[in-house]
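The values are calculated or read from the model by the stated rules, or taken from the named source; none is laboratory data. Small disclaimer: the values here were computed from a predicted structure and weren't measured. Note that each Cβ is placed from the backbone with ideal geometry, even for glycine, and that neighbours are counted across all protein chains shown.
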Amino acid sequence: MKHLGLIIVCFVAMMGSSQAQQRYGFVDTDYILNKMPDYKNAQEQLDQISTSWQVEIETITGEIKELQTKFRADEVFLSSEMREKREKEIYSKEVTAQKLQQKYFGINGDLYKKRQELIKPIQDDIYDAIKEIAKDGTYGMIIDRANGPTIIYGNQKFDLSDKVLYKLGIRTN
């Protein structure tokens, strides 16, 4: 029994010393992304595409409002067939606007796909650079502090964001 206790104590001591050698670091991916020209260009492209699609949808919405206003003004003078025809036309435009909204801005819409196409390779490069730095520097953990209060306190000497930028070929001040 004494031997088992001694073995457990030795095992715990070895685990403790290996844990003490672990290095930890953190990065700020927002900071890194904002320093990357490729990311800024991709973001500008996405903004332009989004704006043009929004204008397209707003144009159709304006047409719908005009049709509704004209319909209300003419409604008393229209036959039931003409009334039904105009209501269908308005409904058809509303459906078109909703479909475009979903197609462009929906969960798996064109904007999401374009964002994946433009931003994912940049994120992959950052991840690869972080992974290399972690392996080269024998870091046990690197934490991203960009999204949310994950780190309450972080000593700047452990911030590896500039190293990641350097690894990506981007020089800072």
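What to note about this one:
- Listed conditions (1) touching a Phe, Trp or Tyr at 6+ places or on another chain (Cβ under 8 Å); (2) at pLDDT below 95; (3) of a type outside the set (S, T, Y) are all met by I57, apart from (2).
- Enumeration of residues in region 38-86 that are of a type in the set (D, E), over 30 Å from D125 (Cα atoms) and in contact (Cβ under 8 Å) with a residue 40 or more places away in the chain: E56
- Scanning region 103-142 for residues that are surrounded by 13 or more Cβ atoms within 10 Å (Cβ to Cβ), outside any helix (DSSP H, G or I) and among the hydrophobic types (A, V, I, L, M, F, W, C) yields a single hit, I142.
- Whether a residue is touching a Phe, Trp or Tyr at 6+ places or on another chain (Cβ under 9 Å) and among the acidic types (D, E) was assessed, and E117 does not pass this test.
- Verdict on Y91 being of a type outside the set (A, V, I, L, M), at pLDDT 95 or above and within 26 Å of G137 (Cβ to Cβ): no
- Every pair of residues 6+ apart whose Cβ atoms lie under 8 Å, when the first sits in region 122-148 and is over 28 Å from N41 (Cα atoms) and in contact (Cβ under 8 Å) with a residue 24 or more places away in the chain while the second is among the basic types (K, R) and not in a loop (DSSP other than H, G, I, E, B): G137/R23; T138/R23; Y139/R23; G140/R23
- Flag set for T138, criterion: within 33 Å of the chain's Cα centre (by Cα) and at positive phi.
- Some residue of region 115-127 being more than 21 Å from N34 (Cβ to Cβ) and aromatic (F, W, Y): no
- Answer from L67, L100 - the residue that is surrounded by 15 or more Cβ atoms within 10 Å (Cβ to Cβ), part of a helix (DSSP H, G or I) and within 23 Å of the chain's Cα centre (by Cα): L100
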